[in-house]
Every structure is written in structure tokens, then in C-alpha cells.
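**Q** Structure incoming, see below.
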């Protein structure tokens, strides 16, 4: 029986999940400090590109530059596509031009487009020059589509077949083709005008006899996405209809590319991150990987506005100092009202933002209004509770004062009076 030491990558992840093990990170940084490339290559050999990207995001700028230079030609293009946008430009600036060219050539066109969108023009030209002519034309065509559209999100590498083909012809074509996408899930059936008419999964192709027509194997769920459709609507369609891939068509309905589920889920992740940052008051341009100083600078205006409004509220409360001194219950209820208002506002902002992501406007408005109504109802309920609390407080205070006055009258007249606890008050000691 093999032990954990025999299996490669056994210490790749920490016990908490898929986070990189701190000891492994420490050994990597130690190898970088010593310029020990064999040790570094051994430590990074079985790491996924996403894990290396996480490592580059976690370490400081000096260690990041040293690791990239020491890693050299082994730097994979997938690492660039997995990097957070906040440090991607910095990493590209550090990479050797030859290494960058080799890394970019390994990427699909949609990954190259995503890489170019956030770069300055000189760096864009450097990456475009590294591509082959056919790939460069495909990338430039994708960049011609509106920003945050399906045309920017799609990959141009797509496997399609005429609608009259059978399973055997499709298999022979894929075996003989020189260039196929590294990963694809469907064969798209098209008519003579290149209009997509259906998807056939690879699993059904491989499990069906050669003479069966492909038209008999098309999936029931088939969605065609216009190239100018917003990417959030695309992500919604993938999530709503459980799509794995979907063809993208141009203005004339002809097949232009395909969007896969990994790209759609990346859009959803970005949307969720933007919602979190918006609630934190740091803006949509921020990233969860940003440094504390950068986040503090972006958040400072929001905190300053909150401070000003808090001072304004306290100034208003100070105008009623005499009233609050006479009615202590008001001081007790004020933080409750403020807390309920803040919680209700956060609930509306959070739920309303989720509703706005729904491309169906009527439903989005409904989702935005429901939390508002809920927050309003909660506020009215809190006001009712606070009002009743204040009413019963005054009632108990009035009853206690009345009883004390009656008892005092009994002491003065020598006659017993009934207190609110049912005892008889008397002027003589020892009686009650």
C-alpha cells in the first residue's frame, strides 16, 4: 500500500480544502531566494495553473518577480488566464517577450481576448504580434464586438458538421482534423448557410453506431446566442437551462463561435464579486486580491460620508436632550431604530442587486421590490414593537407612581391603602 509520500502532489493542498499548503509555499519562496531552479521546478511540477496563479497573487511583488524570472520558459499560458486582473498586467511586464509569446500561443482565442481587454495598447500589440496570422485575425474580430458581449466571450475554435452527416462521418472527420480545440463538448450541426440547428454531445456520438444520422442525436435543449448579447444574460441562460456549451451567431444568424460553461461561470463569479465589493463600498474596479492599502483608499470616501451622516444624526439628537432626559426610554430605543434601518437598507441593496442580474426586467423589478416591501414591513413591525414597549414602560411607570402616591396618602391619614401588589399600606411599622 502506497503512502502519502509516494503520491505526487500529496502535500499540494492544506487540510482546510484546496488552499495551498503554507509549508509548500514557504519552500517555494525559499527556492526563489536561493535561485534554486531545480527545486522550484520540482515544487511547481504537479501544481495546476490555477494554483500557481493563486500563489502569484498571495506573495509580494519582489517574490513574484523573482519566481517568474526563475520559472522562465516553463511559464504556462493558462497561468495568465487564471490570474486576477489586478496583477495580470504586472506579470506580463515581468515576463520575457519570448516566454510571453510562447505562453500566449497556447491559449484559446477567448482566453487571449480576455487577456487583452485590460492591457495597455503597447502590451496588446506585443501579444498580438506573438500570435499566428489566423489566430490574430480571429482575436481582432472578437475585439470588434461590444465590450462585455457574447462576441468577446466566445471562442472561435468550434467543431461543426453538416446536418446530413452520420456518426461515422463525424468520427472520421475529428480523427483526421489537424486542429481541434483542446476541450469541446458538442459537435454543432449547421445547414448549408452555416446556421446552427442543433448540438450533438460527444458521448452520444461515441456510443452510437456509425450509420445513425447525427440529426437523430441532437439534444432537446438548444440555445443560440447572438454575438451582441450581454455576457450577464449569457451567464443567466447557462445557469437557467443547464447548458454546457452554446453556439454564437452573428447578425445574419451564421455560426461565429461557441461559449463554454467555464466562461459563463467566470462571468457569474465576477458578478458576485462586484456585488460584494459594492456592498463594502469599494467600487466595481476593485478586486478581492487588492492590497489593504488600496482597498482602504477606495473605501475612505464611503467611510467619510458615513461619518458625516452619523455626526449629523447626533447633532439632531442633541437638540432633544431635555426630552430624552425626561423620557429615558427614548435613549434605549434609538440604537434599535438605527440598527434596524441599517440592516433593512443592506438587505434591500443585497437582494435588489441580485434581482437586477435577472435579464427579465419584470422579474428583476419584482425581486428588487420584494426586499424593499419586506424591509418596510420589518421597519413598521419594529416601530410597532418599540411603540408598544414605550407604551407599557409609561403604563408601568404611571402605575408605580400612582401606587406610591396612594401609599403616601395612607401614611398621612393613618388608613391602609391598597398597593399594586395587593398589600395594605399603613402608617404603623410592622403592618403590611
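FYI, it's all coordinate maths here, none of it is from the lab. Only a predicted model underlies this, so the values are computations on that prediction, with no experimental measurement involved. Neighbour counts are summed over all protein chains in view; Cβ atoms, including those assigned to glycine, are modelled from backbone coordinates with ideal geometry.
**Q** Please compute the modelled spin-label separation between residue 118 and residue 147, points set 7 Å along Cα→Cβ, answer in nm with one decimal.
**A** Result: 1.3 nm between the two label points.
**Q** Right, something else. Let's test the formula: R0 of 30 Å, r as the Cβ-Cβ distance of residue 41 and residue 202. What FRET efficiency results, to the nearest 0.05?
**A** Efficiency at R0 = 30 Å is approximately 0.30.
**Q** Applying 1/(1 + (r/R0)^6) with R0 = 60 Å to the Cβ-Cβ distance of residue 59 and residue 328, what FRET efficiency is obtained, to the nearest 0.05?
**A** Approximately 0.60, to the nearest 0.05.
**Q** On average over all directions, what projected area in square nanometres does segment 22-144 have, based on the convex hull of its Cα atoms?
**A** 7.1 nm²
**Q** Applying 1/(1 + (r/R0)^6) with R0 = 45 Å to the Cβ-Cβ distance of residue 163 and residue 239, what FRET efficiency is obtained, to the nearest 0.05?
**A** 0.95
**Q** Give the order of 36, 129, 110, 275 when sorted by the count of other beta carbons within 10 angstrom, beginning with the fewest.
**A** Least crowded to most crowded, the residues run 129, 36, 275, 110.
**Q** How would 165, 302 line up from fewest to most surrounding beta-carbon atoms within 10 angstrom?
**A** Listed from fewest to most nearby Cβ atoms, that is 302, 165.
**Q** Could you give the nm distance between label points at residue 254 and residue 268, where each point is 7 Å from its Cα heading toward the beta carbon?
**A** 3.3 nm
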